[in-house]
Amino acid sequence: VGQRQTTGEVGRGRLTEPVVKRPGADHYEPISWDGAFELLAHELNAVAHPDRAVFYTSGRTSNEAAFTYQLFVRQFGTNNLPDCSNLCHESSGVALTETLGVGTGSVTLDDIVHTDLVLVVGQNPGTNHPRMLTALEHAKDNGAQVIAINPLPEAGLLRFKNPQRPTRVLGRGTPLADLFLQIKVNGDLALFQALNRGLLDRAATDPSAIDRDFLDEHCDGFEALAAHLAALDWGDVHRATGLTREEIDASLAMVLAADRIIVCWAMGLTQHRNSVPTIREIVNFLLLRGNVGRPGAGVCPVRGHSNVQGDRTMGIYERPKAPFLDALRDEFGFEPPREPGHDVVDAIRAMRDGEVDVFFGLGGNFVSAAPDTDVTSAAMARCRLTAHVSTKLNRSHTVCGETALILPCLGRTERDVQAGGEQYVTVEDSMGMVHASRGRLDPASPHLLSEVAIVGRLAAATLGERSDVDWASLTAEYSAIRAHIEAVVPGFDGFNTRSAAPEGFALPHPVRDSRTFPTATGKGRLSVNRLEVLEVPHGHLVLQTIRSHDQFNTTIYGLDDRYRGIHQGRRVVFAHADDLADLGLADGQVVDLVGIPDGPDAAPRRAGSFRVVAYSVARGTCAAYFPETNVLVPLDSTAEGSNTPTSKSVIVRLCEIVGPPSPGDGV
Ligand SMILES: Nc1nc2c(c(=O)[nH]1)N[C@H]1C(S)=C(S)[C@@H](COP(=O)(O)OP(=O)(O)OC[C@H]3O[C@@H](n4cnc5c(=O)[nH]c(N)nc54)[C@H](O)[C@@H]3O)O[C@H]1N2
Ligand SMILES: Nc1nc2c(c(=O)[nH]1)N[C@H]1C(S)=C(S)[C@@H](COP(=O)(O)OP(=O)(O)OC[C@H]3O[C@@H](n4cnc5c(=O)[nH]c(N)nc54)[C@H](O)[C@@H]3O)O[C@H]1N2
Ligand SMILES: [Mo]
């Protein structure tokens, strides 16, 4: 398989048996399961320190597999548990934990259906969360209003009328958004500061503009916030957002008219340098009117992978909290490591610098999903062993270490039969609901193992006598794992009985349930966030890297992006016609995307051969698909406080190609 794939993906075939690539070989060959675990155990036990191994997790892993996995990794002796959250909603978790004391969303589906106003910020639900559109339609039927805040007029939220590129609207054919703010990329902190300032100004004459009783009783930081916002510069707001004062006033009027407000967001907010302050400012916005911890109101970070939130709840975290580790120690009688481990970006740095011997991936496609593709690829190649537990072939299988293993596992839709009989697993959604998931289909091959079985056998082979855990009996009957989870993780009382119920059960959320804020001060924390307007050098645009309709993250199913009117090609860059005119470019032209060099002697990052599409995007910004553009995202450009790569604010030039396009860069 070629090392350079223009669509970022190798294929979509299912794997049916474990395979190994030996040192120096250029292909994989079959290996027995026993042989695979022996090889892994040998390499893991050969490392000079457990921190020289890294254990990645994608977000599809069940609670049962995730809990067993982190237990094994911690008994092995490291907290090197990076996961796809580090690339995804980490900024949300950090900002919400600081301000509310809980890192997850505070609303239920019922809250969305019974709210007055939903702000959908930096999210494209038509493609990425289609079921959410149904909830929004119900909310609208009940009289709610919707404000969409996005640099792109995304289908499903908007009726997008562009004569050149007609786009079908989803659902019932009416736009869901009552107001569309076509904000500049990274303008959201400024927008929410402007709204918050508007609320405070209004409160001077109309006390009901803010919820004074709630603020007095439950929050701190009000005076500092008010003083900070009093100095807000409207010129900065305009430069950062590209919005007019009229647009901001129109949204403020809708906010003032709404008793209950929910803010939903996804990757449009989390992947910028100032993502954590931006989300904290949204918390300010909600706290000012008491919009948390009551029906129809709250924060709603909308997650991606089916169990990315549950994996964190199960302890897949490079910076585990002491109470979790204490509970793990008490349940299993060992002393877990306390030093923080590597997140994704730090893991790549450590691999790059020769500090890692073994990379193990439970799901996912690390090489394609991570930033700075060339740096990440070289980092992977420095490992002695890379191993992936996967359902499908992907690029991380070809860009690998000296020795490489692919361990094929059952997918969630497949029947999982163990010594104790047929098993089910559990997952947690964005609303903190836990429910069972049972595979019904015949497995793609009789040689596939479940993720739990793979982790259990890996642990037994690697730890041997060093572990008291009976890994085989955990694998035989997953209810035994759930009993341990119940003992270690708060909120899982009666886990085996409650997870068997069809509707599942809700995890406790102190903010939602009782307006209890488990923060440093025991209060909801209003925060002061410094506004810095993203400066873009002349002749450059801010590139955001997005998903098309025909992909799930790094898996590309087709070359169309139906709601954006793109057919038969993924190497496209969407830009505003006026910006194109200023740059001397035209729709249909082919350009290279070129980043800003790291230093005077460094070569700039470059992604070759993108067709320019004149499109309704906010001025000064452009958009292109991930993972083709990950080569442009600098490893060291990350969000402050969450270390998430800034995949939505990459500064680039669109360079006309002189001479023939470089080989392999075809559309
Ligand atoms: N079909 C499909 N579904 C998926 C996925 C998939 O790949 N395919 N991936 C899953 C995963 S893991 C995730 S995390 C979610 C991701 O779901 P989304 O976050 O909806 O996915 P993106 O395509 O990254 O879209 C980001 C959105 O934010 C907007 N945006 C970008 N920058 C800014 C900004 O600065 N401000 C504002 N206000 N908006 C901005 C973009 O225009 C775009 O609408 O989807 C999940 N669901
Ligand atoms: N530039 C840029 N980069 C991004 C993003 C972006 O918006 N822009 N988004 C980021 C986000 S939000 C995320 S979540 C990450 C995603 O990062 P990852 O989670 O690492 O990537 P995926 O493409 O979701 O992983 C797909 C692979 O997972 C395996 N797989 C699928 N289902 C299962 C299963 O049930 N079990 C196991 N063991 N394996 C399975 C398959 O082999 C498949 O090839 O990418 C991030 N990268
Ligand atoms: Mo994600």
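The values are calculated or read from the model by the stated rules, or taken from the named source; none is laboratory data. Note that the structure is predicted; figures quoted are calculated from it, not measured. Cβ sites come from the backbone with ideal geometry, for glycine too, and all protein chains shown count toward neighbours. For accessibility, only protein heavy atoms count, side chains too; no ligands or nucleic acids. Shrake-Rupley method; radii C 1.70, N 1.55, O 1.52, S 1.80 Å.
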Picking from P323, P340, the residue that is under 22 Å from N86 (Cα atoms), free of Cβ contacts under 8 Å to residues at least 12 places away in the same chain and open to solvent by 20 Å² or more (accessible area, probe 1.4 Å) would be P323
Residue check: is T426 modelled with pLDDT of 95 or more, part of a helix (DSSP H, G or I) and within 21 Å of the chain's Cα centre (by Cα)? no
Filter pass, N196 being open to solvent by 10 Å² or more (accessible area, probe 1.4 Å) and modelled with pLDDT of 95 or more: no
Can you tell me how many residues in the stretch 251-272 are of a type in the set (A, V, I, L, M, F, W, C), part of a helix (DSSP H, G or I), within 16 Å of ligand 3 (Cβ to nearest atom) and open to solvent by less than 10 Å² (accessible area, probe 1.4 Å)? 1
Restricted to the stretch 1-42, and to residues that are at pLDDT below 95 and of a type in the set (S, T, Y), which residue is most open to solvent (accessible area, probe 1.4 Å)? T16
Take A419 and tell me if it is more than 24 Å from the chain's Cα centre (by Cα), crowded, with 23+ Cβ neighbours inside 10 Å and more than 21 Å from N307 (Cα to Cα). no
Does P502 qualify as being modelled with pLDDT of 95 or more and either in a loop (DSSP other than H, G, I, E, B) or within 28 Å of E331 (Cα to Cα) (or both)? no
With A46, A65, A53, A41 as the choices, which residue is among the small types (G, A, S) and within 16 Å of ligand 2 (Cβ to nearest atom)? A65
Residues (away from ligand 3 (no atom under 16 Å from the Cβ), touching a residue at least 60 places away in the same chain (Cβ under 8 Å), open to solvent by less than 20 Å² (accessible area, probe 1.4 Å) and in contact with a Gly (Cβ under 9 Å, 6 or more places away or on another chain)) located in the stretch 358-393: V358, F359, T373, L385, A387, V389, S390
Listed by range, helices (runs of 4 or more DSSP H) wholly within the stretch 273-359 having at least 3 residues that are under 24 Å from L71 (Cα atoms) are 308-313, 322-332, 344-352
Where residues in the stretch 291-304 are farther than 16 Å from S91 by Cα and touching a strand residue (DSSP E or B) at 6+ places or on another chain (Cβ under 9 Å), which of them is nearest to ligand 3 (Cβ to nearest atom)? G298
Of (1) in contact (Cβ under 8 Å) with a residue 24 or more places away in the chain; (2) buried (at least 17 other Cβ atoms within 10 Å of the Cβ), E486 fails just (1)
Which condition number does V120 fail, the rest of (1) farther than 20 Å from M314 by Cβ; (2) away from ligand 1 (no atom under 16 Å from the Cβ); (3) crowded, with 24+ Cβ neighbours inside 10 Å being met? (2)
Can we say V73 is in contact with a helix residue (DSSP H, G or I) (Cβ under 6 Å, 6 or more places away or on another chain) and on the phi < 0 side of the Ramachandran plot? no
